[in-house]
Amino acid sequence: MLEITYTFREKDLIHYNELQIEQSADLQKKLKRNRLFFPAMLSLLGLFLWSYYSDYRTAIYIVTIAICWAIVIPQIIILSFRRQILTSYTEREKLAMFGQYTLRVDPKSLAENSPSGKHKMMWNELSRIEGVRDYIHIIIDNGAALIIPRETVTDGDLNEFSIQVQKMIELYG
(Lines give C-alpha, C1' and ligand atoms only; values in the text may rest on other atoms or scores of the structure.)
Protein backbone atom coordinates (compact mmCIF):
# COMPACT_ATOMS: atom_id res chain seq x y z
CA MET A 1 0.00 0.00 0.00
CA LEU A 2 1.33 3.39 -1.00
CA GLU A 3 1.48 6.14 1.59
CA ILE A 4 2.68 9.73 1.67
CA THR A 5 3.08 12.23 4.47
CA TYR A 6 3.02 15.97 3.88
CA THR A 7 2.32 19.26 5.61
CA PHE A 8 -0.59 21.49 4.59
CA ARG A 9 -0.08 25.23 5.27
CA GLU A 10 -1.97 28.52 4.90
CA LYS A 11 0.13 29.26 1.82
CA ASP A 12 -1.23 26.11 0.16
CA LEU A 13 -4.85 27.05 0.85
CA ILE A 14 -4.26 30.49 -0.64
CA HIS A 15 -2.66 28.89 -3.72
CA TYR A 16 -5.72 26.72 -4.33
CA ASN A 17 -8.11 29.63 -3.97
CA GLU A 18 -6.03 31.76 -6.33
CA LEU A 19 -6.34 28.97 -8.89
CA GLN A 20 -10.10 29.18 -8.41
CA ILE A 21 -9.89 32.91 -9.16
CA GLU A 22 -7.93 32.25 -12.34
CA GLN A 23 -10.56 29.75 -13.48
CA SER A 24 -13.57 31.92 -12.54
CA ALA A 25 -14.84 33.76 -15.62
CA ASP A 26 -16.88 36.19 -13.49
CA LEU A 27 -13.93 37.22 -11.32
CA GLN A 28 -11.63 37.54 -14.33
CA LYS A 29 -14.24 39.79 -15.96
CA LYS A 30 -14.29 42.06 -12.88
CA LEU A 31 -10.49 42.21 -12.76
CA LYS A 32 -10.33 43.05 -16.45
CA ARG A 33 -12.92 45.77 -15.98
CA ASN A 34 -10.92 47.30 -13.14
CA ARG A 35 -7.73 47.02 -15.12
CA LEU A 36 -9.04 48.37 -18.43
CA PHE A 37 -12.40 50.14 -18.35
CA PHE A 38 -11.91 52.77 -15.63
CA PRO A 39 -8.32 53.63 -16.67
CA ALA A 40 -9.50 53.94 -20.28
CA MET A 41 -12.22 56.39 -19.24
CA LEU A 42 -9.70 58.42 -17.24
CA SER A 43 -7.30 58.42 -20.18
CA LEU A 44 -10.03 59.67 -22.52
CA LEU A 45 -10.82 62.44 -20.02
CA GLY A 46 -7.12 63.33 -19.96
CA LEU A 47 -6.94 63.43 -23.76
CA PHE A 48 -10.08 65.57 -23.86
CA LEU A 49 -8.58 68.06 -21.41
CA TRP A 50 -5.35 68.10 -23.38
CA SER A 51 -6.94 68.62 -26.79
CA TYR A 52 -9.94 70.79 -25.94
CA TYR A 53 -8.64 72.98 -23.09
CA SER A 54 -4.88 72.62 -23.73
CA ASP A 55 -4.53 71.76 -20.04
CA TYR A 56 -1.40 69.60 -20.32
CA ARG A 57 -0.61 69.42 -16.62
CA THR A 58 -4.05 68.11 -15.54
CA ALA A 59 -4.14 65.72 -18.48
CA ILE A 60 -0.77 64.24 -17.50
CA TYR A 61 -1.94 63.85 -13.88
CA ILE A 62 -5.14 62.07 -14.95
CA VAL A 63 -3.33 59.72 -17.36
CA THR A 64 -0.75 58.94 -14.65
CA ILE A 65 -3.56 58.09 -12.22
CA ALA A 66 -5.15 55.87 -14.89
CA ILE A 67 -1.91 53.94 -15.42
CA CYS A 68 -1.38 53.53 -11.68
CA TRP A 69 -4.98 52.36 -11.30
CA ALA A 70 -4.51 49.74 -14.03
CA ILE A 71 -1.43 48.34 -12.30
CA VAL A 72 -2.21 48.67 -8.59
CA ILE A 73 -5.96 48.07 -8.15
CA PRO A 74 -5.99 44.45 -9.45
CA GLN A 75 -3.18 43.64 -7.01
CA ILE A 76 -5.15 45.20 -4.15
CA ILE A 77 -8.19 43.13 -5.11
CA ILE A 78 -6.12 39.93 -5.02
CA LEU A 79 -4.59 40.84 -1.64
CA SER A 80 -8.06 41.55 -0.29
CA PHE A 81 -9.23 38.16 -1.54
CA ARG A 82 -6.31 36.46 0.23
CA ARG A 83 -7.25 38.17 3.51
CA GLN A 84 -10.87 37.12 3.07
CA ILE A 85 -9.83 33.50 2.59
CA LEU A 86 -7.96 33.37 5.88
CA THR A 87 -10.55 35.33 7.86
CA SER A 88 -13.38 33.08 6.65
CA TYR A 89 -12.05 30.28 8.89
CA THR A 90 -12.14 30.27 12.67
CA GLU A 91 -9.01 29.42 14.67
CA ARG A 92 -10.53 26.05 15.50
CA GLU A 93 -11.10 25.29 11.81
CA LYS A 94 -7.55 26.35 11.00
CA LEU A 95 -6.17 24.00 13.67
CA ALA A 96 -8.19 21.17 12.15
CA MET A 97 -7.08 22.06 8.63
CA PHE A 98 -3.39 22.96 8.79
CA GLY A 99 -0.70 20.50 9.79
CA GLN A 100 0.61 17.08 8.90
CA TYR A 101 -1.42 14.75 6.69
CA THR A 102 -0.90 11.11 5.82
CA LEU A 103 -2.66 9.64 2.80
CA ARG A 104 -2.73 5.90 2.14
CA VAL A 105 -4.03 4.04 -0.88
CA ASP A 106 -6.29 1.21 0.33
CA PRO A 107 -8.07 -1.24 -1.97
CA LYS A 108 -11.49 0.39 -1.45
CA SER A 109 -10.68 3.91 -0.32
CA LEU A 110 -8.17 6.69 0.15
CA ALA A 111 -7.40 6.83 3.88
CA GLU A 112 -6.54 10.20 5.35
CA ASN A 113 -5.01 10.90 8.73
CA SER A 114 -5.12 14.65 9.34
CA PRO A 115 -5.19 17.13 12.21
CA SER A 116 -9.00 16.78 12.19
CA GLY A 117 -8.85 12.99 12.56
CA LYS A 118 -9.03 9.88 10.41
CA HIS A 119 -11.23 9.77 7.31
CA LYS A 120 -11.79 7.40 4.42
CA MET A 121 -12.87 8.57 0.99
CA MET A 122 -14.28 5.90 -1.27
CA TRP A 123 -12.74 5.88 -4.73
CA ASN A 124 -16.06 6.69 -6.42
CA GLU A 125 -16.21 9.93 -4.34
CA LEU A 126 -13.02 11.20 -6.02
CA SER A 127 -13.42 12.69 -9.47
CA ARG A 128 -9.83 13.25 -10.66
CA ILE A 129 -6.25 14.07 -9.80
CA GLU A 130 -4.45 17.09 -11.25
CA GLY A 131 -0.85 18.25 -11.23
CA VAL A 132 -0.80 22.05 -11.04
CA ARG A 133 2.49 23.92 -10.64
CA ASP A 134 4.13 22.58 -7.49
CA TYR A 135 0.98 20.86 -6.23
CA ILE A 136 -1.10 17.75 -6.70
CA HIS A 137 -4.86 18.23 -6.30
CA ILE A 138 -7.14 15.29 -5.64
CA ILE A 139 -10.58 16.64 -6.54
CA ILE A 140 -13.51 15.31 -4.51
CA ASP A 141 -17.01 15.14 -6.04
CA ASN A 142 -18.45 17.75 -3.66
CA GLY A 143 -16.11 20.44 -5.06
CA ALA A 144 -13.48 20.22 -2.34
CA ALA A 145 -9.92 19.08 -2.94
CA LEU A 146 -6.99 17.53 -1.16
CA ILE A 147 -4.06 19.82 -1.86
CA ILE A 148 -0.64 18.18 -1.71
CA PRO A 149 2.32 20.56 -1.94
CA ARG A 150 5.29 18.77 -3.51
CA GLU A 151 7.81 20.65 -1.36
CA THR A 152 6.37 19.50 1.96
CA VAL A 153 6.14 15.76 1.21
CA THR A 154 8.34 14.11 3.84
CA ASP A 155 7.61 10.39 3.40
CA GLY A 156 6.71 8.38 0.33
CA ASP A 157 7.05 8.77 -3.42
CA LEU A 158 4.56 11.40 -4.60
CA ASN A 159 4.82 10.47 -8.29
CA GLU A 160 4.17 6.79 -7.65
CA PHE A 161 1.36 7.70 -5.24
CA SER A 162 -0.25 9.99 -7.86
CA ILE A 163 -0.13 7.29 -10.52
CA GLN A 164 -1.73 4.76 -8.18
CA VAL A 165 -4.47 7.19 -7.12
CA GLN A 166 -5.23 7.94 -10.78
CA LYS A 167 -5.50 4.23 -11.54
CA MET A 168 -7.84 3.67 -8.58
CA ILE A 169 -10.07 6.61 -9.57
CA GLU A 170 -10.30 5.26 -13.12
CA LEU A 171 -11.00 1.74 -11.84
CA TYR A 172 -13.77 2.68 -9.41
CA GLY A 173 -14.98 5.99 -10.87
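The values are calculated or read from the model by the stated rules, or taken from the named source; none is laboratory data. Since this is a predicted model, take the numbers as computed values, not measurements. Glycine gets a Cβ as well: all are built from the backbone with ideal geometry, and neighbour counts include every protein chain shown. All accessible areas refer to the heavy atoms of the entire protein, side chains included, with ligands and DNA or RNA removed. Shrake-Rupley method; radii C 1.70, N 1.55, O 1.52, S 1.80 Å.
A cut-off under 13 angstrom between Cβ atoms defines the neighbours of Glu3, and their net charge, with Lys, Arg +1 and Asp, Glu -1, is -4.
Against the chain, whose longest principal axis is taken from its Cα atoms, helix 10-23 shows a tilt of about 60°. What is the local net charge at Asp26, summed over the other residues whose Cβ is closer than 14 Å to its Cβ (Lys, Arg +1; Asp, Glu -1)? So the environment of Asp26 carries a net charge of +3.
Report the relative contact order of the chain, percent, no decimals, based on alpha-carbon pairs under 8 angstrom and at least 6 residues apart. Relative contact order, the chain: 30 percent.
For the chain, the longest principal axis of the Cα atoms and the long axis of helix 158-172 meet at an angle of about 80 degrees. Around the Cα centre of the chain, unit charges on the Cβ atoms of Lys, Arg, Asp and Glu (plus for the first two, minus for the last two) sum to a dipole of about 680 debye.
Projecting the Cα atoms of Leu146, Ala96, Ile78 onto the charge dipole of the stretch 67-173 (Cβ charges, centred on the Cα centre) puts Ile78 farthest toward the positive pole.
Of the solvent-accessible surface of the stretch 91-166, computed with a 1.4 Å probe and all protein chains present, 47% belongs to carbon and sulfur. Scanning residues 5 or more positions from Asp55 or on other chains, those with amide H under 5 Å from its amide H are Trp50, with H placed 1.01 Å from N in the peptide plane. Sorted largest first by accessible area at a 1.4 angstrom probe radius, with every protein chain in place, the residues Asp134, Asp55, Asp106, Asp157 fall in the order Asp134, Asp157, Asp55, Asp106.
Counting only the backbone N, which residues of the stretch 1-44 are under 13 Å from the spot 7 Å out from the Cα of Leu86 toward its beta-carbon? Counting only backbone N, you get 9-15. Would you mind checking the tilt of helix 38-53 against the longest principal axis of the Cα atoms of the chain, expressed as 0 to 90 degrees and rounded to 10? Roughly 10 degrees, rounded to the nearest 10. Accessible surface area normalised per residue over the stretch 1-91 is 69 Å², counting heavy atoms of protein chains with a 1.4 Å rolling probe.
Distance from the C-alpha centroid of the stretch 55-71 to that of the stretch 100-173: 50 Å, rounded to the whole angstrom.
Of all segments of the chain bounded by trypsin sites (Lys or Arg not before Pro) found in a DSSP loop with no more than 13 other C-beta atoms within 10 Å, the longest spans 1-107.
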